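*Asks:* Supplied in structure tokens, the structure appears directly below.
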């Protein structure tokens, strides 16, 4: 599943093509994705101008001139293609394969500029919804969602407060979208590795008000922001030149230090550990048992 940096990269790729432009026609080629499309979905989008394109956690948010917000989630295999007479761009290339045959082009936005924005989703785990802007934060998608991990909202004090008294493994707590929104498996593995923290450690151990664990909480907050920022920049850097003819982007998998590296040597200097994989809550956790405690 695309994680927060991938979704942010898609947003950055789509923004120049979509923002400020009117949807002149919408093709909806099936009645549902993961969920049925909203009532009168086509009619509520056609003729609307896209005022801005934002992101909340792993969701794309298109503010419409009607006062509604189009919420888009990529699910497991969803992707967008920008199709215009000059080029075809695919904003976002993911560690796991996404997209596929045009038989899976389920939603096509025809913009007044002549550009088509095509949503392709073979597995149909993505979805789209429409809600009034004034009700966005209280909608079923966001009413229980935690803080954004990018920006200054996430710091050591917040982590200590969120994890106080929690006996759940640290990995599980970081993936809990009710606490911190948008963190996914890949980048949590990477952040914990850099912070020297085991994914099996109890989350509540980071809630200490002083001492080494207080410092660990401070460090973890900064490392999470750093990892996500680096991943966004790795995707965003090639948005400026599209060196590849299909517009696909270089991605952060080239910088993985621990994720998907089971059996390989730890890359930390002087560490002789071997990367191990365990399963936690149905997901793979990759870590070095020697330098992550």
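*Asks:* For segment 275-285, does any single residue satisfy the condition of being at pLDDT 95 or above and under 19 Å from the mean Cα position of the chain (by Cα)?
*Replies:* Yes, segment 275-285 has at least one match.
*Asks:* Restricting to segment 82-104, name every residue that is within 20 Å of the chain's Cα centre (by Cα), outside any strand (DSSP E or B) and either under 15 Å from residue 62 (Cβ atoms) or modelled with pLDDT of 90 or more (or both).
*Replies:* 91
Residue-wise test of (1) in a helix (DSSP H, G or I); (2) crowded, with 17+ Cβ neighbours inside 10 Å; (3) at pLDDT 95 or above.
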residue: 106; (1), (2), (3): no, yes, yes
residue: 119; (1), (2), (3): no, yes, no
residue: 128; (1), (2), (3): no, yes, yes
residue: 140; (1), (2), (3): no, no, yes
residue: 143; (1), (2), (3): no, no, yes
residue: 206; (1), (2), (3): yes, yes, yes
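*Asks:* Output yes when any residue across segment 160-168 is part of a helix (DSSP H, G or I) and without any contact (Cβ under 8 Å) to a residue 40 or more places away in the chain, and no when none is.
*Replies:* Yes, segment 160-168 has at least one match.
*Asks:* Go through (1) closer than 22 Å to residue 18 by Cβ; (2) within 23 Å of the chain's Cα centre (by Cα); (3) modelled with pLDDT of 95 or more; (4) crowded, with 18+ Cβ neighbours inside 10 Å one by one and return the number of the condition residue 159 breaks.
*Replies:* Evaluating residue 159 over (1) closer than 22 Å to residue 18 by Cβ; (2) within 23 Å of the chain's Cα centre (by Cα); (3) modelled with pLDDT of 95 or more; (4) crowded, with 18+ Cβ neighbours inside 10 Å leaves (1) as the failure.
*Asks:* Being farther than 17 Å from residue 127 by Cα, surrounded by 18 or more Cβ atoms within 10 Å (Cβ to Cβ) and in contact with a helix residue (DSSP H, G or I) (Cβ under 9 Å, 6 or more places away or on another chain) is the filter here, so list the residues in segment 32-69 that pass it. Before you say what the answer is, go through the steps one by one.
*Replies:* To start, the set of residues in segment 32-69 that are farther than 17 Å from residue 127 by Cα comprises 43, 46-52, 64-67.
Subset that is surrounded by 18 or more Cβ atoms within 10 Å (Cβ to Cβ): 48, 50, 64.
Answer for segment 32-69, where residues must be farther than 17 Å from residue 127 by Cα, surrounded by 18 or more Cβ atoms within 10 Å (Cβ to Cβ) and in contact with a helix residue (DSSP H, G or I) (Cβ under 9 Å, 6 or more places away or on another chain): 50, 64.
*Asks:* Okay, next question. Kindly indicate whether any position in segment 176-185 is exposed (fewer than 14 other Cβ atoms within 10 Å of the Cβ) and either under 30 Å from residue 203 (Cα atoms) or free of Cβ contacts under 8 Å to residues at least 24 places away in the same chain (or both). Let's see the steps before the verdict.
*Replies:* From segment 176-185, those exposed (fewer than 14 other Cβ atoms within 10 Å of the Cβ) are 178; that's our starting set.
Now restrict to residues that are either under 30 Å from residue 203 (Cα atoms) or free of Cβ contacts under 8 Å to residues at least 24 places away in the same chain (or both): 178.
Checked segment 176-185: at least one residue is exposed (fewer than 14 other Cβ atoms within 10 Å of the Cβ) and either under 30 Å from residue 203 (Cα atoms) or free of Cβ contacts under 8 Å to residues at least 24 places away in the same chain (or both).
The values are calculated or read from the model by the stated rules, or taken from the named source; none is laboratory data. Predicted model only: the values in this text are computed from it and were never measured. Reconstructed Cβ throughout: ideal geometry from the backbone, glycine too, with neighbour counts over all protein chains shown.
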